[in-house]
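The values are calculated or read from the model by the stated rules, or taken from the named source; none is laboratory data. Everything numeric in this text was worked out from a predicted model, so none of it was measured. Note: ideal-geometry Cβ built from the backbone for every residue, glycine included; neighbour counts use all protein chains shown. Just the protein is used for accessible areas: all its heavy atoms, side chains included, with ligands, DNA and RNA removed. Shrake-Rupley method; radii C 1.70, N 1.55, O 1.52, S 1.80 Å.
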Amino acid sequence: MRSFVKNAILARLPLQDLVAIGQCLEPVVLGERIVLQEPKRNVDYVYFIESGLVSLRIVTSGIILETAVIGFRGAVGASVLLGGHLSTHQSVVLFPGTALRIRVKELRQLMNERPQIREQLSRYVDALSLHCAQTGFCGVWHHREKRLASWLCLSSDSADTHVLPVTHDYLSSVLGLPRPGITETLNKFAEQRLIRKVRGVLRIDERKCLEQRACTCYKLVSEAYASLGSTIAAKESTN
């Protein structure tokens, strides 16, 4: 059963917990630009992403600020389980894909009955909170080139792909950077053969080199997500 699980949070659950939560999961298709959650609205479902990419953002006065991207490593709406009932972010599908969703009420009950489910979600929310915090720090202190390289690397990791269907306009809006600057930096990356640009699609060709251009925020966030799996592996080896 575990070999068919595509979401990293679910894949780390003990088999008995995976079976229990599996009875409540509903498969859904994530179409591009579908809004999964709106700020200041009740959250009805938590979405365990299997494929695709979801943009977690703050929207105010018509301005968009993306705070994180969520792919197969995460779950949309998980933060609400450990806090209030209202979403503070807007969650929008950036790359189409699939997810398994569960009603918040059912997941809360499972978390109370099964500590491992609560622990996995809590650890993931901690990593996501770091991701959001580093995004804010990055936007204030880091140069355009480093920020863009970090975004490309994090999105590639989250979606598990080197092909990113994003436009210059989108990157400009979510990073809060002028479009000419985005174009200039992407052209520079292309000239250095780090990426290729083809009709609204960016392909990462030299991943290691692109990581070297990224700011320290990328490494911190990447290590936070990677530690979720390594911690579970360490626990299993001691049992």
Inset, instruction - Might you check whether a residue that is touching a Ser or Thr at 6+ places or on another chain (Cβ under 8 Å), outside any helix (DSSP H, G or I), free of Cβ contacts under 8 Å to residues at least 40 places away in the same chain and farther than 18 Å from Ser227 by Cβ occurs anywhere in region 85-107? - result: no
Inset, instruction - Would you check if Pro39 is under 23 Å from Asn7 (Cβ atoms), over 17 Å from the mean Cα position of the chain (by Cα) and open to solvent by 40 Å² or more (accessible area, probe 1.4 Å)? - result: no
Legend entry - Positions within region 22-64 being of a type in the set (Val, Ile, Thr) and within 16 Å of Gly77 (Cα to Cα), in sequence order: Val28, Ile34, Val35, Val43, Val46, Ile49, Val54, Ile58
Inset, instruction - From the list Leu121, Leu152, Leu175, Leu130, pick out the single residue that is closer than 23 Å to Arg73 by Cα, open to solvent by 30 Å² or more (accessible area, probe 1.4 Å) and within 16 Å of the chain's Cα centre (by Cα). - result: Leu130
Inset, instruction - Identify, from the list Val59, Val19, Val5, the residue that is without any contact (Cβ under 8 Å) to a residue 24 or more places away in the chain, more than 21 Å from Ser156 (Cα to Cα) and open to solvent by 30 Å² or more (accessible area, probe 1.4 Å). - result: Val19
Legend entry - Which listed residue is within 30 Å of Leu148 (Cα to Cα), open to solvent by 30 Å² or more (accessible area, probe 1.4 Å) and hydrophobic (A, V, I, L, M, F, W, C), from Val69, Val80, Val46, Val29: Val29
Inset, instruction - Answer yes or no as to whether Gly136 is open to solvent by 30 Å² or more (accessible area, probe 1.4 Å), closer than 19 Å to Leu220 by Cα and touching a strand residue (DSSP E or B) at 6+ places or on another chain (Cβ under 9 Å). - result: yes
Inset, instruction - Give region 55-78 a look and list any residue that's touching a strand residue (DSSP E or B) at 6+ places or on another chain (Cβ under 6 Å) and either over 26 Å from Ile102 (Cα atoms) or aromatic (Phe, Trp, Tyr) (or both), or say none. - result: Ile64, Leu65, Phe72
